[in-house]
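Note sheet for the following structure.
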Amino acid sequence: MKRYSGFSLLKNALSYHENWQKVWRNPTPKKDYDVIIVGGGGHGLATAYYLAKVHGITNVAVVEKGYLGGGNTARNTTIIRSNYLWDEAAQLYELSLKLWEGLSQELNYNVMFSQRGVLNLGHNLQDMRDIERRVNANRLNGIDGEVVTPQRIKEIAPLINISPDSRYPILGASWQPRGGTARHDAVAWGYARGADALGVDMIQQTEVIGIRRKGGAVVGVETSNGFIGARKVACVAAGSSGVVAAMAGLRLPVESRPLQALVSEPIKPCLDTVVMSNAVHGYISQSDKGDLVIGAGVDSYNGYGQRGSLHVIEHTVQAICELFPAFSRVRMNRQWGGIVDTCPDACPIISKTSVQGLYFNCGWGTGGFKATPGSGYVFADTVANDRPHPLAKAFNLDRFNTGALIDEHGAAGVAH
Amino acid sequence: MLLIYCPHCLEHREEEEFSYGGEAHIARPLNPEALSDEQWADYLFFRKNPRGIHHEMWYHAIGCRRYFNATRNTVTYEILETYKVGTQPQITGADV
Ligand SMILES: Cc1cc2nc3c(=O)[nH]c(=O)nc-3n(C[C@H](O)[C@H](O)[C@H](O)COP(=O)(O)OP(=O)(O)OC[C@H]3O[C@@H](n4cnc5c(N)ncnc54)[C@H](O)[C@@H]3O)c2cc1C
Ligand SMILES: [Zn+2]
């Protein structure tokens, strides 16, 4: 892999940028791999990268039915934070945040990680009690956080309406300064490039349609382009996880729902932080291009159609206009949906299964982008060693049988 | 926005009048204490979540305030039929 640097930029300018090395190869699949990863989203690509980098397992293929990073990776609103309530979740998301902090250097790829801070607004007394409790829990876990007053919120985001007679009065917020956003595509591309350089094969436009097993152990996957053998199969298929699990005769406690987002026309810089509100189902930030990036609540019904109902985003935009009256004149440019795999306790599943050599990493629902590095890191460790990584243990599939759920509806909820 | 035919009101109404009730035809086990943890978890948490034909409950919250079932395609979102609780769907996954 040729490293990117200021020098390489200058050198390639001399040949009109026509001779850059391909970011990854486009190999024909081998007959057999040590590990096949099903799903080339951020989480699958991060898993491949850490398998190769940390565990030296390089005979790996990522099998993706579309193109790399074209699923929820490309569709999310890129909010990153680690201020979850319970120890298990907080530690997992905080591992991820720490990895984000060094990721551009690690990958030699600018993922545009911007620690612009995240505000989670409270609109009533109960919101504020929950926020106090969550921030206290975060600080006990060594995670940065503060409870801030409406005046302080106004300093951070001057366009916000903190008038006490607004429709959704703002009583305060949690503030995580280390939170922020990153460039979603760059995360997928950076991990793919890093994994490819270590020998991982990226197999695109190839759908996994079956999981072949022999005597209770996995032996490979059937794909739209034929059978590929593997000793281990690691599934990271987000909204399609239930469909993939069924290929091995397994059921998962996930339901697939549409989650929508929209962006406005680009406008001048006016919001240099992330503002989220659980109560009004809306969250907003401004991209480096200038568009306002707005995320909605999840549609109530199950769906795989990568679109949802208009009234859901209408509701969100109404609330955003109440919070930021100045945005009422901004025109919206594009709107889309992704299919998120929601779990009953709003926490992921990172787990071995009853089939030997078959692993699942799913259930991230509405909020898995922020977890991309940490998810890949602990999942690679789980797959490499055939036992849960210490931080993944609590996210085992058997928690639904034992009842040891990790209820993050408060911190995850609709917001991400 | 879905237009949903309520089999009680006998009218198509907008989705906003309804709320979604999840997978239909799940009977509460009559004897929970006789179930294993796995069986109880299955009842509580594990749903079919199919890509395709789905039988699901809807509640006409801002209407007659009654539950009914619908058969819906989860890829196209087309509602193929709605029917009263206690009756069986005419259309099943095998038909499509
Ligand atoms: C509108 C929206 C806003 C969001 N906002 C945020 C946010 O602000 N912050 C946050 O942290 N999270 C957010 N999320 C959630 C986040 O996007 C997901 O949790 C995360 O991206 C899921 O992991 P992934 O990147 O690996 O998934 P994906 O990118 O969806 O990857 C899964 C891949 O598996 C592939 N696949 C599926 N089935 C098969 C098969 N049979 N064979 C081969 N390949 C297959 C798919 O094509 C896909 O590329 C949001 C999601 C949406 C939809
Ligand atoms: Zn009715």
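The values are calculated or read from the model by the stated rules, or taken from the named source; none is laboratory data. None of these values were measured; they are calculated from a predicted model. Backbone-built Cβ (ideal geometry, glycine too); neighbour counts: all protein chains shown. To get the accessible areas, we keep the full protein, side chains included, count just its heavy atoms, and leave off ligands, DNA and RNA. Shrake-Rupley method; radii C 1.70, N 1.55, O 1.52, S 1.80 Å.
Return only the number of the condition from (1) at pLDDT below 95; (2) within 12 Å of ligand 2 (Cβ to nearest atom) that B:Pro7 does not satisfy.
Against the list (1) at pLDDT below 95; (2) within 12 Å of ligand 2 (Cβ to nearest atom), B:Pro7 comes up short only on (1).
Out of A:Leu310, A:Leu292, report the one residue that is within 20 Å of the chain's Cα centre (by Cα) and either at pLDDT below 95 or on the phi < 0 side of the Ramachandran plot (or both).
Checking each option against the conditions leaves just A:Leu292.
Give me the residue from the stretch A:386-409 that is touching a helix residue (DSSP H, G or I) at 6+ places or on another chain (Cβ under 8 Å) and either among the aliphatic types (A, V, I, L, M) or open to solvent by 60 Å² or more (accessible area, probe 1.4 Å) (or both) and, out of that set, nearest to the other protein chains (Cβ to nearest Cβ).
Here the residue is A:Thr402.
Let's see how each residue does on (1) loosely packed, with under 14 Cβ neighbours inside 10 Å; (2) of a type in the set (A, V, I, L, M); (3) more than 13 Å from chain A (Cβ to nearest Cβ):
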site: B:Cys6; (1), (2), (3): no, no, yes
site: B:Cys9; (1), (2), (3): no, no, yes
site: B:Glu15; (1), (2), (3): no, no, no
site: B:Glu23; (1), (2), (3): no, no, no
site: B:Glu33; (1), (2), (3): yes, no, yes
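For the stretch A:70-83, enumerate the residues that are assigned to a loop (DSSP other than H, G, I, E, B) and more than 6 Å from ligand 1 (Cβ to nearest atom).
The answer is A:Arg81, A:Ser82, A:Asn83.
Just need a number here: residues in the stretch A:331-343 that are of a type outside the set (Phe, Trp, Tyr) and surrounded by fewer than 19 Cβ atoms within 10 Å (Cβ to Cβ).
Residues flagged as of a type outside the set (Phe, Trp, Tyr) and surrounded by fewer than 19 Cβ atoms within 10 Å (Cβ to Cβ) within the stretch A:331-343 amount to 5.
It is to be established whether one or more residues within the stretch B:48-64 are open to solvent by 30 Å² or more (accessible area, probe 1.4 Å), part of a loop (DSSP other than H, G, I, E, B), within 16 Å of ligand 1 (Cβ to nearest atom) and out of contact with any strand residue (DSSP E or B) (no Cβ under 6 Å at 6 or more places or on another chain).
yes
Looking only at the stretch B:65-81, how many residues end up being near ligand 2 (Cβ under 10 Å from one of its atoms) and either at the interface with chain A (Cβ under 10 Å from one of its Cβ atoms) or assigned to a strand (DSSP E or B) (or both)?
The number of residues fulfilling the criteria is 2.
Within the stretch B:21-29, is even one residue in a strand (DSSP E or B), within 16 Å of ligand 2 (Cβ to nearest atom), modelled with pLDDT of 95 or more and within 18 Å of the chain's Cα centre (by Cα)?
yes
Going residue by residue through the stretch A:41-55, is there one that turns out to be assigned to a loop (DSSP other than H, G, I, E, B) and either over 30 Å from A:Gly142 (Cβ atoms) or more than 16 Å from ligand 1 (Cβ to nearest atom) (or both)?
There is no residue in the stretch A:41-55 that is assigned to a loop (DSSP other than H, G, I, E, B) and either over 30 Å from A:Gly142 (Cβ atoms) or more than 16 Å from ligand 1 (Cβ to nearest atom) (or both).
Inspect the stretch B:82-94 for any residue being touching a Leu at 6+ places or on another chain (Cβ under 6 Å), more than 16 Å from ligand 1 (Cβ to nearest atom) and open to solvent by 30 Å² or more (accessible area, probe 1.4 Å) and give the result as yes or no.
Yes, that holds for at least one residue.
From (1) in contact with a helix residue (DSSP H, G or I) (Cβ under 7 Å, 6 or more places away or on another chain); (2) facing chain B (nearest Cβ under 9 Å), pick out the condition that doesn't hold for A:Gln260.
In the conditions (1) in contact with a helix residue (DSSP H, G or I) (Cβ under 7 Å, 6 or more places away or on another chain); (2) facing chain B (nearest Cβ under 9 Å), A:Gln260 misses (2) alone.
Tell me which residues, restricted to the stretch A:228-260, are over 30 Å from A:Thr28 (Cα atoms) and either crowded, with 21+ Cβ neighbours inside 10 Å or within 16 Å of ligand 2 (Cβ to nearest atom) (or both).
A:Leu252, A:Pro253, A:Val254, A:Glu255, A:Ser256, A:Arg257, A:Pro258, A:Leu259, A:Gln260, listed by residue number.
Got at least one residue in the stretch A:74-95 being in contact (Cβ under 8 Å) with a residue 40 or more places away in the chain and on the phi > 0 side of the Ramachandran plot?
The answer is yes; a qualifying residue exists.
Within the stretch A:346-372, which residues are more than 8 Å from ligand 1 (Cβ to nearest atom), buried (at least 23 other Cβ atoms within 10 Å of the Cβ) and assigned to a loop (DSSP other than H, G, I, E, B)?
Answer for the stretch A:346-372, where residues must be more than 8 Å from ligand 1 (Cβ to nearest atom), buried (at least 23 other Cβ atoms within 10 Å of the Cβ) and assigned to a loop (DSSP other than H, G, I, E, B): A:Ala346, A:Cys347, A:Pro348, A:Gly363.
Could you tell me how many of the residues in the stretch A:41-63 are surrounded by 24 or more Cβ atoms within 10 Å (Cβ to Cβ) and in contact with a Phe, Trp or Tyr (Cβ under 8 Å, 6 or more places away or on another chain)?
Qualifying residue count, the stretch A:41-63: 10.
Does the stretch A:276-288 contain any residue that is in contact with a Lys or Arg (Cβ under 7 Å, 6 or more places away or on another chain), more than 14 Å from ligand 1 (Cβ to nearest atom) and in contact (Cβ under 8 Å) with a residue 24 or more places away in the chain?
The answer is no, given that none of the residues of the stretch A:276-288 is in contact with a Lys or Arg (Cβ under 7 Å, 6 or more places away or on another chain), more than 14 Å from ligand 1 (Cβ to nearest atom) and in contact (Cβ under 8 Å) with a residue 24 or more places away in the chain.
Regarding A:Ile320, is this residue modelled with pLDDT of 95 or more, open to solvent by less than 30 Å² (accessible area, probe 1.4 Å), over 20 Å from the mean Cα position of the chain (by Cα) and closer than 23 Å to A:His409 by Cα?
yes
Before we move on, is A:Gly337 within 14 Å of another protein chain (Cβ to nearest Cβ), under 19 Å from the mean Cα position of the chain (by Cα) and within 25 Å of A:Ile162 (Cβ to Cβ)?
It is false that A:Gly337 is within 14 Å of another protein chain (Cβ to nearest Cβ), under 19 Å from the mean Cα position of the chain (by Cα) and within 25 Å of A:Ile162 (Cβ to Cβ).
Here's a check for you: in the stretch A:348-369, which residue that is under 20 Å from A:Arg231 (Cα atoms) and among the aromatic types (Phe, Trp, Tyr) is nearest to the chain's Cα centre (by Cα)?
Going through the qualifying residues, I end up with A:Phe360.
With respect to B:Ala27, is the statement that it is out of contact with any strand residue (DSSP E or B) (no Cβ under 7 Å at 6 or more places or on another chain), aliphatic (A, V, I, L, M), within 21 Å of A:Pro253 (Cβ to Cβ) and more than 13 Å from chain A (Cβ to nearest Cβ) true?
So B:Ala27 passes the test.
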